[in-house]
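The values are calculated or read from the model by the stated rules, or taken from the named source; none is laboratory data. Being a predicted model, the structure only gives us computed values, none of them experimental. Reconstructed Cβ throughout: ideal geometry from the backbone, glycine too, with neighbour counts over all protein chains shown. Keep in mind that these areas ignore ligands, DNA and RNA; they rest on the heavy atoms of the full protein, side chains included. Shrake-Rupley method; radii C 1.70, N 1.55, O 1.52, S 1.80 Å.
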Amino acid sequence: MSERPLLLVDVDGVLNPLGRPSPEFRRYQCHVEGETYTVYLNSKHGTRLLALAVETGAELVWATTWEHWANDWIAPRIGLPALPVIKLPPNVRGEFGELFKTPAIAEYVAGRPFVWFDDQVWAADEDYLRAHPSVGDFLLVQVEPGAGLTATDLDYARNWLRDLP
C-alpha cells in the first residue's frame, strides 16, 4: 500500500462557495439523477490542488456527497483528472456529533497521513479521528463556506505536509 499522503477534497462550500462568488468563478448547471444543481467553480482551484499534490507527493481524493459525480461534473470544469472517490453513508450526524463523512474517511485513510478540506469539520470530527485506531497524522482544514478554498487554506496544508516525517 502506498504511504503517500492524501488530500481529501469536498465540493460544496470548498470548491463551490455557498456565498456570493468572486468574478473568478464561473456558473454551471449540473444535471445529476434528474436534479439540476447550480455550482460556481474556479478553474484555478484545479491547478492549485494539482500543484499542491505534485509539490508534496500527495494523492487527491474526493470526499464529497457528489461522490462519482464529482468526476463527471466538477473535475473537468476545474482541470482535474478523475480522482478516487470515498463512498459515503447517508447524511446523518454520527453518534458522537461527528460529521456523517468522518467514519468513512477514518476507514479509507488506513493509517496514511491526510489533509481534509471541508467546510463542516469540527472538534467532534477531530476527536473521532484521533480516537480511531486506523487513523495516523492528519490536518483538518475548515474552509470558510462563503468564500470557498483560498490560497491561505492551501498554504496551511502545504506547510503541514512539508513537515511530515
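Report yes if some residue within the stretch 66-79 is surrounded by 12 or more Cβ atoms within 10 Å (Cβ to Cβ), of a type in the set (A, V, I, L, M) and outside any helix (DSSP H, G or I); otherwise report no. No, the conditions are met nowhere in the stretch 66-79.
Kindly evaluate residue 76 against the criterion of being in contact with an Asp or Glu (Cβ under 8 Å, 6 or more places away or on another chain), over 13 Å from residue 14 (Cα atoms) and modelled with pLDDT of 95 or more. It would help to see each step written out before you state the result.
On the way: in contact with an Asp or Glu (Cβ under 8 Å, 6 or more places away or on another chain): no; over 13 Å from residue 14 (Cα atoms): yes; modelled with pLDDT of 95 or more: yes.
The answer is no for residue 76.
How about the stretch 116-141: which of its residues are open to solvent by 70 Å² or more (accessible area, probe 1.4 Å) and within 17 Å of residue 60 (Cα to Cα)? Matches in the stretch 116-141: 137 only.
Look at (1) crowded, with 18+ Cβ neighbours inside 10 Å; (2) not in a loop (DSSP other than H, G, I, E, B) and you find that residue 148 fails only one, number (2).
Here is a yes/no grid of residues against (1) over 19 Å from residue 146 (Cβ atoms); (2) assigned to a strand (DSSP E or B):
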| site | (1), (2) |
| --- | --- |
| 3 | yes, no |
| 7 | yes, yes |
| 18 | no, no |
| 40 | no, yes |
| 51 | yes, no |
| 90 | yes, no |
| 98 | yes, no |
| 104 | yes, no |
| 112 | yes, no |
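Only one of the listed residues (98, 59, 24, 35) is over 13 Å from the mean Cα position of the chain (by Cα) and surrounded by 14 or more Cβ atoms within 10 Å (Cβ to Cβ). That residue is 98.
When residue 82 is tested against (1) open to solvent by 70 Å² or more (accessible area, probe 1.4 Å); (2) touching a residue at least 60 places away in the same chain (Cβ under 8 Å); (3) assigned to a loop (DSSP other than H, G, I, E, B), only condition (2) is not met.
When the stretch 45-75 is examined, which residues are found to be free of Cβ contacts under 8 Å to residues at least 24 places away in the same chain and in contact with a helix residue (DSSP H, G or I) (Cβ under 9 Å, 6 or more places away or on another chain)? Matches in the stretch 45-75: 51 only.
The requirement of being crowded, with 17+ Cβ neighbours inside 10 Å, closer than 16 Å to residue 9 by Cβ, touching a His at 6+ places or on another chain (Cβ under 8 Å) and not aromatic (Phe, Trp, Tyr) is not satisfied by residue 105.
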